[in-house]
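Report on the structure given below.
The values are calculated or read from the model by the stated rules, or taken from the named source; none is laboratory data. No experiment lies behind these values; they were computed from the predicted model shown. Every residue, glycine among them, receives a Cβ derived from its backbone with ideal geometry; neighbour counts consider all protein chains shown. Note: areas computed on protein heavy atoms with side chains; ligands, DNA, RNA excluded. Shrake-Rupley method; radii C 1.70, N 1.55, O 1.52, S 1.80 Å.
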Amino acid sequence: MDKEYKTVLNFAQSETEEKKSRFIASVKPVSSEEEALAFISQLKSKYWDATHNVYSYYIGGNNIVQRFSDDGEPSGTAGMPILEIIKRMEVRDLVVVSTRYFGGTLLGAAGLIRAYSKSASTGIEAAQVITKKLCKKVKLTVEYTMFGKVQSLLASHGFIIKDTIYAQDVEIIVFVPIDEVDGFTGLITEATNARALMETGDNVYITLDLKGKLITTE
């Protein structure tokens, strides 16, 4: 499992125009090639009257899958530029379909590359680029007298607190990056004189915006 990667958060669409040709970018996060192909098929049915439905998808992990189609546009002017944008923006596990309605003016090879690149980048931005980070879920149990110190320590080191439960003692649910678990354990042990109870849970991918703020967990 990758420790960290970027993808998109949601399905989104954006529209751009180049010399009266309309380009509708439809972007969706996917986890398999089958899911990508189903989305492409759905878009081709929806925009059956379009001049072209160009697509590209890139699925990372242990076995990288990348495909693209120019869908009738001159070779190398449509699907490949979209794939290049995906790679340049360093995102994966997504499919991009750029639907073109011809506006009456030929764009030429350079114009097509520029138009499809712009369509892809605006679509990916609309779908919101996020970071998936592999973390260990850890439950800390501390006495109330130590809570303030531990809370401050976690914040100063950038650890993300998912939840705080006030009971007989204070339980703090923390997401610790997978390669920082040993350091985290030592830090808490030293700060609390080994009086904190630590329970390690599952590995989970957390979803962060590009500023590092927690959005969701899987």
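Points worth noting:
- Taking every alpha-carbon pair under 8 Å whose residues sit at least 6 apart, the chain reaches a relative contact order of 23 percent.
- Nearest-0.05 FRET efficiency for LYS46 and GLU180, computed from C-beta distance (R0 35 Å): 0.20
- For region 150-218 versus region 1-73, the gap between their alpha-carbon centres in whole angstrom: 36
- For a straight C-alpha distance cut-off of 18 angstrom, the lysines reachable from LYS162 (same-chain residues fewer than eight places away being disregarded) are LYS132, LYS133, LYS136, LYS137, LYS139, LYS149, LYS211, LYS213.
- Chymotrypsin sites (Phe, Trp or Tyr not before Pro) lying in DSSP loop within region 22-74, provided at most 12 other Cβ fall within 10 Å: TRP48
- Formal net charge of residues neighbouring ASP49 (Cβ-Cβ distance under 15 Å; K, R +1; D, E -1): +3
- Label point at VAL129 placed 7 Å out along Cα→Cβ; residues across region 1-38 whose backbone nitrogen lies under 15 Å: 5-10
- Region 72-188 - Rg and Dmax from Cα coordinates, angstrom: 24.0, 73
- Rounded to 0.05, the FRET efficiency of the ASN62 and ALA155 pair, given R0 = 41 Å and the Cβ-Cβ distance, is 0.70.
- Derived scalar couplings between HN and Hα for region 167-181 equal 10, 4, 10, 9, 9, 10, 8, 10, 9, 10, x, 4, 8, 10, 5 Hz in order, rounded to whole Hz, by the Karplus curve 6.51 cos²θ - 1.76 cosθ + 1.60 (θ = phi - 60°), x for Gly and Pro.
- The label-point distance for ALA194 and ASP163, in a model that sets each label 7 Å from Cα toward Cβ, rounds to 3.0 nm.
- Gain on full extension, evaluated as 0.36 nm per residue between ILE173 and SER75 minus their Cα-Cα distance, stands at 30.1 nm.
- Proximal charge balance of GLY104 [Cβ under 9 Å; K/R count +1, D/E count -1]: +2
- Region 72-218, accessible surface, carbon-and-sulfur percent (1.4 angstrom probe): 51
- Approximate spin-label separation GLU35-PHE102, in nm, with each point projected 7 Å along Cα-to-Cβ: 3.5
- Length-normalised contact order for region 1-117 - Cα pairs under 8 Å, 6+ apart - percent: 36
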